[in-house]
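The values are calculated or read from the model by the stated rules, or taken from the named source; none is laboratory data. Every value quoted in this text rests on a predicted model; they were computed, and no experiment measured them. Don't worry about glycine lacking a Cβ; one is built from the backbone with ideal geometry, like all the others, and counts go over all protein chains shown. For accessibility, only protein heavy atoms count, side chains too; no ligands or nucleic acids. Shrake-Rupley method; radii C 1.70, N 1.55, O 1.52, S 1.80 Å.
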Amino acid sequence: SLWSDEAVTYEVAHRSTADIWRLLAEADVVHGLHYFLMHAVFVLWDGGPVALRLPSVLAVAATAAGVGLLGHRLAGPRAGLLAGLALPLLPAMQRYAQEGRSYALVCALVTWGTWLLLEALDGGGRKRWAGYGAVMLAACLL
């Protein structure tokens with residue numbers, strides 16, 4: 001069953017885009033990007049609670065992969081492998097993976113934003129800096 005915040009996300013994401021905009025003009029603007037993302041998910045597949053929670057599961061997987069790559073880059077292959085495998089075992093990450101909210105998506109974006117930051121600092125050029133800025137902006141909006 002859905003808990004209260006998930007139920008709100010589910011209900012809002014099933015509204016029309018115009019209705020979502022009206023809601024954001026009055027309340028809950030902090031979750032606007034997530035509501036529109038979930039609206040798009042439900043347009044593609046209205047799989048109920050599974051569709052609501054699937055982006056969070058995928059985001060935790062993306063976070064674990066990113067943490068693994070960051071660990072490999074910063075501390076070596078063994079550290080990267082252990083970090084990537086340990087991250088999904090953390091209680092907070094398990095919670096984020098099973099909630100139909102934006103928390104796991106923010107974790108994934110910040111993780112991959114960190115990867116892009118390291119690339120940019122290594123002389124990656126304007127594209128890497130632009131990518132870093134775009135990814136971090138999306139994380140902030142979520």
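Sub-9 Å Cβ pairs linking a first residue in region 78-91 that is more than 12 Å from Thr63 (Cα to Cα) and touching a residue at least 12 places away in the same chain (Cβ under 8 Å) to a second residue that is assigned to a helix (DSSP H, G or I) and open to solvent by 50 Å² or more (accessible area, probe 1.4 Å), at least 6 apart or interchain, are Gly80/Leu69; Gly80/His72; Gly80/Arg73; Gly80/Leu74; Leu81/His72, ordered by first then second residue.
Checking each residue in region 43-56 for being surrounded by fewer than 17 Cβ atoms within 10 Å (Cβ to Cβ) and within 30 Å of Leu90 (Cα to Cα) picks out Trp45, Asp46, Gly47, Gly48, Pro49, Val50, Leu54. Of all residues in region 35-56, those that are free of Cβ contacts under 8 Å to residues at least 12 places away in the same chain have Cβ atoms under 7 Å from Cβ atoms of residues that are surrounded by 14 or more Cβ atoms within 10 Å (Cβ to Cβ) and of a type outside the set (Phe, Trp, Tyr), 6 or more apart or on another chain, in Trp45/Ala51; Ala51/Val41. Restricting attention to region 1-42, the residues being of a type in the set (Gly, Ala, Ser) and open to solvent by 60 Å² or more (accessible area, probe 1.4 Å) number 3. Taking region 107-142 on its own, how many of its residues are β-branched (Val, Ile, Thr) and open to solvent by less than 40 Å² (accessible area, probe 1.4 Å)? Within region 107-142, residues that are β-branched (Val, Ile, Thr) and open to solvent by less than 40 Å² (accessible area, probe 1.4 Å) number 2.
In the set (1) in contact with a helix residue (DSSP H, G or I) (Cβ under 7 Å, 6 or more places away or on another chain); (2) of a type outside the set (Val, Ile, Thr); (3) part of a helix (DSSP H, G or I); (4) within 29 Å of Tyr132 (Cβ to Cβ), Ala61 fails one condition alone, (1). Here Arg73 passes the criteria (1) under 13 Å from the mean Cα position of the chain (by Cα); (2) basic (Lys, Arg); (3) assigned to a helix (DSSP H, G or I) except the one numbered (1). Kindly check whether there is at least one residue in region 80-94 that is open to solvent by 60 Å² or more (accessible area, probe 1.4 Å) and not hydrophobic (A, V, I, L, M, F, W, C). Yes, region 80-94 contains at least one residue that is open to solvent by 60 Å² or more (accessible area, probe 1.4 Å) and not hydrophobic (A, V, I, L, M, F, W, C).
Out of Gly124, Gly66, Gly113, Gly100, one residue alone is under 15 Å from the mean Cα position of the chain (by Cα) and modelled with pLDDT under 95. It is Gly100.
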